[in-house]
Amino acid sequence: MATHEHGWRNAKHAQQWRNTIETYANPVIGKVPLRDIDVAMVRRILEPIWTTKNETASRVRGRIESIIDWGITMGYRTTTNPARWKGHLEHLLAQPSKVARRTRQPALPYADMPAFMQALRKQHNTSARALEFLILTGVRSGEVRNATWSEFDLDKAVWTIPAERMKGGREHRVPLSEQALRLVRAQQEVSFCSFVFPSPNRPRDPEADGTALSDMALTAVMRRMALKQKAVPHGFRSTFRDWVSETTTHSNEVAEMALAHSIRNKVEAAYRRGDLFEKRRQLMQEWADFVLRQQPSPNVFPISEGLRLAA
């Protein structure tokens, strides 16, 4: 891990490596010489979590395999890697794709978005503005919460998220709609630190920079709004994707690039040079115009009683 951590995306990724190895692998093989680790030991690590935490289990297996491969290269082991999947553990464990199918995050139907946004704007706090910005831009929570002023070119209405903050590890340019740009400029007027949406809990040291919102801040906004339908912040990406597919003529490619999804076709990815930025700008403006129209859907949100203004 020490050898490779400088090439990993960020400190959080390195911490995840250490945490999963310490939690799942070390209790079973932490003190076992590399040359003595066998398939039975690896199965003891993986089988208890293979069906209940399959994504975690798959990552643990891959990390154990990488560590043992490193040991083989270093000369600490000469026999087959017992954590190898292809032609090995695949015969002993169920295919990950069949064990745990990914479920979509709970999301609001796109028809309910105008009413939701009208209610959201009655929430007067930084977390609510961050959630509104997340919806308008189609990005992930962490990308909004950790956004800094240095990433924005307000004259060109562009937000450039650096590669180290992106899930896919690639820089992502986000075109700002007129509404998103106004929101950011409003935040700029009350700015007191490098974060665009800082935590209201300012550091005690007046010389210190502010801190980012917590990972539960945006979820807390939605809980306070007491929605009748179950939904989470990440689900708005699905809402956006459904809206594009069902109500617009924009291509699948433009929609996927707006969400910063990787191109699955390796040949196409190899030749792709542009990021369809101007087409995405038009798409995001249409999305903003849709969700902020003043025509709330009837009987969807208990605006008069169920939605409470935050302190």
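Bear in mind these aren't lab numbers, they're just calculated from the coordinates by the rules spelled out. Every value quoted in this text rests on a predicted model; they were computed, and no experiment measured them. Note that each Cβ is placed from the backbone with ideal geometry, even for glycine, and that neighbours are counted across all protein chains shown.
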(request) Report, by chain and number, residues whose modeled amide H sits under 5 Å from the one on V174, excluding near sequence neighbours (fewer than 5 apart, same chain). (result) W159, T160, I161
(request) Hey, can you grab everything whose amide H is under 5 Å from the amide H of T148? Only 5+ residues off in sequence or another chain; H modelled, so Pro and N-termini drop out. (result) V196
(message) Can you report the principal axis dimensions of the stretch 15-92 using only the alpha carbons, biggest first, rounded to whole angstrom?
(response) 35, 29, 17
(request) Using only Cα atoms, find the angle between the long axis of helix 277-291 and the longest principal axis of the chain, and express it within 0 to 90 degrees, rounded to the nearest 10. (result) 60
(message) Can you show me the helix-derived [θ] at 222 nm for the chain, built from DSSP H runs with n ≥ 4 at -39,500 (n - 2.57) apiece and divided by the number of residues, rounded to the nearest 500.
(response) -13000 deg cm²/dmol
(request) Please turn the phi angles of the stretch 52-63 into ³J(HN,Hα) values with the Karplus equation 6.51 cos²θ - 1.76 cosθ + 1.60 (θ = phi - 60°), one per residue in order, whole Hz, x for glycine and proline. (result) 8, 9, 5, 5, 5, 4, 5, 5, 4, 4, x, 6
(message) Taking θ = phi - 60°, what integer Hz values does the Karplus form 6.51 cos²θ - 1.76 cosθ + 1.60 yield along the stretch 105-110, in sequence order, with x for Gly and Pro?
(response) 5, x, 9, 7, x, 5
(request) Could you point to the residue in L92, I72, S214 farthest towards the positive end of the chain's charge dipole, with +1 and -1 charges on the Cβ of Lys/Arg and Asp/Glu respectively? (result) L92
(message) Which of M284, M216, M225 ends up with the largest GNM mean-square fluctuation for the chain, with Cα atoms connected below 10 Å?
(response) M216
(message) On a straight-distance basis, which aspartates and glutamates could pair with K167 in a cross-link, Cα separation under 15 angstrom, same-chain partners fewer than 8 positions away excluded?
(response) E143, E256
(message) Under 8 Å for C-alpha pairs, at least 6 residues apart: give me the relative contact order for the chain, rounded to a whole percent.
(response) 21
(request) Rounded, prolate or oblate: pick one for the stretch 110-291, where a ≥ b ≥ c are the square roots of the eigenvalues of its C-alpha gyration tensor, a/c under 1.5 means rounded, and failing that, prolate if a/b is larger than b/c, else oblate. (result) oblate
(request) Identify which of the listed values of Cα extents along the principal axes in Å was calculated from the structure shown: (i) 67, 50, 45; (ii) 47, 46, 39; (iii) 105, 73, 36. (result) (i)
(message) More than 17 angstrom separation, counting every C-alpha pair in the stretch 116-183; what % is that?
(response) 40
(message) Let's test this: bin the Cα-Cα distances of the stretch 139-226 at 10 Å from zero up to the farthest pair and state each bin's percent.
(response) 16, 44, 34, 6
(request) Compute the long axis of helix 39-50 from its Cα atoms, compare it with the longest principal axis of the Cα atoms of the chain, and write down the angle in degrees, 0 to 90, nearest 10. (result) 20
